[in-house]
Amino acid sequence: IKLGNGIILWFRVCVKLNYQNQAIYANIFMIDISNIYEQLLSARRLLERYDQQIQGSSLITWEYDIKNKTYNFSNTFFKLIGYKEAMNDMTLSTLSKFIPPNYLKMLIQEQEKCMQDTKYHFTLTLRLNSRYKKETWIELKGYYALFEVEENSESGSSNKRCPMIIGILEDISEEVQTDARLNLLAQIFTHSREGIAITDADQNILETNQA
């Protein structure tokens, strides 16, 4: 509903039909949801953006249920660390099997910031405990989102608010390992007692070390 001053209010409208004495009566209920509607729209746009990004990419989805304090990751996450089957509704103690304590502490701190400020979002670089004999690194992003879930019971249906932290993560193991090798080569180049020269394809000297 658009008011005369230009402000737009959002309502959830419920219609209940009653049949009495060959007549039909309609009860109409209007619930003001203006405060949460914009958050719902933002969450939906975010999910749509995730779906577009995930198609044909190595991105993995994850979510944290704030109320139930459980984590869910897409199947690709478990394949990344050497597990054939996914685990649903993981507790913090279960997640600690896959993320070392110091990195898990970083994730918890960022989640708490999200819960304190719903507009806050974060990006973390985390190391995973993998069954493979190699280091596995991920870049994890998280955002606050509020969803409405319809619940049906004997007394009727109702809408329940479900606060979540949702996001995507990507395997960046190769990038981290490449950076580590480049840093090592840079140290060797700088501190070596032997003369080292870097040339291009035409053998032109581009740079030399101090030796």
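Results, tabulated for the structure shown:
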| read-out | value |
| --- | --- |
| Residue within region 104-116 that is touching a Ser or Thr at 6+ places or on another chain (Cβ under 9 Å), within 22 Å of Ser173 (Cβ to Cβ) and assigned to a loop (DSSP other than H, G, I, E, B) present | no |
| Tally of residues being part of a loop (DSSP other than H, G, I, E, B) and among the polar types (S, T, N, Q) across region 117-141 | 3 |
| Residue, modelled with the lowest pLDDT, within region 163-192, restricted to residues that are surrounded by 14 or more Cβ atoms within 10 Å (Cβ to Cβ) and hydrophobic (A, V, I, L, M, F, W, C) | Phe189 |
| Residue list for region 81-102, restricted to those being open to solvent by 30 Å² or more (accessible area, probe 1.4 Å) and part of a helix (DSSP H, G or I) | Leu92, Ser93, Thr94, Pro101, Asn102 |
| Leading residue by the ranking (farthest from Asn68 (Cα to Cα)) among those in region 104-136 that are surrounded by fewer than 17 Cβ atoms within 10 Å (Cβ to Cβ) and touching a Lys or Arg at 6+ places or on another chain (Cβ under 9 Å) | Glu135 |
| Which numbered condition Leu46 misses (of (1) at pLDDT 90 or above; (2) under 17 Å from the mean Cα position of the chain (by Cα)) | (1) |
| Conditions (1) at pLDDT 90 or above; (2) more than 14 Å from the chain's Cα centre (by Cα): number failed by Leu17 | (1) |
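Rundown of residues vs (1) at pLDDT 85 or above; (2) more than 18 Å from Lys160 (Cα to Cα); (3) of a type outside the set (A, V, I, L, M, F, W, C); (4) under 15 Å from the mean Cα position of the chain (by Cα), yes/no style:
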| residue | (1), (2), (3), (4) |
| --- | --- |
| Asn5 | yes, yes, yes, no |
| Phe29 | no, no, no, no |
| Gln53 | no, yes, yes, yes |
| Gly56 | no, yes, yes, no |
| Asn72 | yes, yes, yes, yes |
| Glu85 | no, yes, yes, no |
| Asn88 | yes, yes, yes, no |
| Phe98 | yes, yes, no, no |
| Pro101 | yes, yes, yes, no |
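The values are calculated or read from the model by the stated rules, or taken from the named source; none is laboratory data. In this text, all values refer to a predicted model and were calculated from it rather than measured experimentally. Methodologically, a virtual Cβ is constructed for each residue, glycine included, from the backbone with ideal geometry; neighbour enumeration extends over all protein chains shown. These accessible areas exclude ligands, DNA and RNA; they are computed on the full protein's heavy atoms, side chains included. Shrake-Rupley method; radii C 1.70, N 1.55, O 1.52, S 1.80 Å.
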